[in-house]
1. Could you count how many residues in the range 75-101 are hydroxyl-bearing (S, T, Y) and either assigned to a loop (DSSP other than H, G, I, E, B) or crowded, with 18+ Cβ neighbours inside 10 Å (or both)?
2. Condition (residue is outside any loop (DSSP other than H, G, I, E, B), of a type in the set (G, A, S), surrounded by 16 or more Cβ atoms within 10 Å (Cβ to Cβ) and assigned by TED's automatic domain parsing to the domain that holds G62) applied to the range 129-136: is it met by at least one residue?
3. Just checking, does the range 181-202 include any residue being of a type in the set (D, E) and touching a Phe, Trp or Tyr at 6+ places or on another chain (Cβ under 7 Å)?
4. Return the pairs, sorted by first residue and then second, in which the second residue is surrounded by fewer than 16 Cβ atoms within 10 Å (Cβ to Cβ) and not hydroxyl-bearing (S, T, Y), the first residue lies in the range 226-245 and is free of Cβ contacts under 8 Å to residues at least 60 places away in the same chain and more than 18 Å from V182 (Cβ to Cβ), the beta carbons are less than 9 Å apart, and the residues are 6+ apart or on different chains.
5. Hey, which of the helices (runs of 4 or more DSSP H) in the range 186-279, taking only ones fully inside, have at least 3 residues that are buried (at least 16 other Cβ atoms within 10 Å of the Cβ)?
6. Could you check, for the range 151-162, whether at least one of its residues is modelled with pLDDT of 85 or more and either farther than 30 Å from K55 by Cα or out of contact with any Leu (no Cβ under 8 Å at 6 or more places or on another chain) (or both)?
Amino acid sequence: MKRKRSANWDQPAGAIGGPGGESAAVQMQKAMAAQQTQAMLMQQMMMQQSAGGKKTREVYVGNLAIGMVTDQMLREFFNTALAGLSPDAATQPSVVNVWMAADMKYSFVELRTADLATISMGLDKVELCGRSIHCGRPGGYVPPDAAGGQQPMGMGMPNMGMMGMGMGMGMAAAAGPPATEVICLANMLSIEELASSEYDEIVSDIREECSTFGTIEELIIPKPAEDGATVPGVGKAYIKFADVASAQKASGALTGRTFDGKKVACTYISVDSFASRAF
């Protein structure tokens, strides 16, 4: 006797909260709100990182004339010098902060932008109070080109799923591919199942479940080859919806649910990849 495939979905769509629990719509709204908040925080983090952080805006100034050079003098010196070297510095003060060592032998000058800090390197060996000052990068400085290859914190955090959502969900969404009309459901089908007589039931079951989120234009579940040859995408289900909103609803509701005891993972793929069967 064949198993009833629909029972392999943990819960029917629209009742994810269970009796007395929150509806799928309410949970999706909460998930989207959390996702938007985390995405905004991630965007701010990325903007700060793209600006290079404090180290790229800071300049080490050494060989100062002890007892003669003050923090205010350095502020005025850098503001005046940079005003003649940069149009940006000519319209507003360049210096954000000046930290002076207790022995007054060296200082750290923080500029408004990384570009101004770079221009400040040209002030190295310039005379101030009878001594040639030394301008250089602070310890821990990483060139922007090198920093660009580093992944922002949290971007690699795996999608924890809507039902088991933690703080990482929004970060994962921000890191993943952009939403499209096509979703890919993985970690739910075995080669043995797809090669069996249950294949048509599997297709029908997944189509029925996904159709609750919107109009399905095409559903593809690759079958394993009889000769054992490699088949791209086997073990996964690819669903193309009529619009992105439907795909997003399906992704939010199905991610983290279980099918035949396996937790479903959901990602987006491009429409072009789907059309060319580049699985």
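The values are calculated or read from the model by the stated rules, or taken from the named source; none is laboratory data. Not measured: the values here are computed from a predicted model. Counting neighbours? That spans all protein chains shown, and the Cβs are built from the backbone with ideal geometry, glycine included.
1. Filtering the range 75-101 for residues hydroxyl-bearing (S, T, Y) gives 80, 86, 91, 94.
Okay, now just the ones that are also either assigned to a loop (DSSP other than H, G, I, E, B) or crowded, with 18+ Cβ neighbours inside 10 Å (or both), so 86, 94.
Counting residues in the range 75-101 that are hydroxyl-bearing (S, T, Y) and either assigned to a loop (DSSP other than H, G, I, E, B) or crowded, with 18+ Cβ neighbours inside 10 Å (or both) gives 2.
2. Let us first name the residues in the range 129-136 that are outside any loop (DSSP other than H, G, I, E, B), namely 131-132, 134-136.
After this cut, where a residue has to be of a type in the set (G, A, S) as well, the list is 132, 136.
Next, from what is left, pick out any that are surrounded by 16 or more Cβ atoms within 10 Å (Cβ to Cβ): none.
No, that holds for no residue.
3. Filtering the range 181-202 for residues of a type in the set (D, E) gives 181, 192-193, 198, 200-201.
Applying the additional criterion that residues be touching a Phe, Trp or Tyr at 6+ places or on another chain (Cβ under 7 Å) yields 181.
Yes, some residue in the range 181-202 is of a type in the set (D, E) and touching a Phe, Trp or Tyr at 6+ places or on another chain (Cβ under 7 Å).
4. The qualifying pairs are E226/A195; V231/K223; V231/A225; V231/F279.
5. Details: elements: 191-195, 199-210, 244-254, 271-275.
The qualifying helices (runs of 4 or more DSSP H) are 199-210, 244-254.
6. Pass one, the range 151-162, residues modelled with pLDDT of 85 or more: none.
Checked against the condition, which is being modelled with pLDDT of 85 or more and either farther than 30 Å from K55 by Cα or out of contact with any Leu (no Cβ under 8 Å at 6 or more places or on another chain) (or both), the range 151-162 yields no hits at all.
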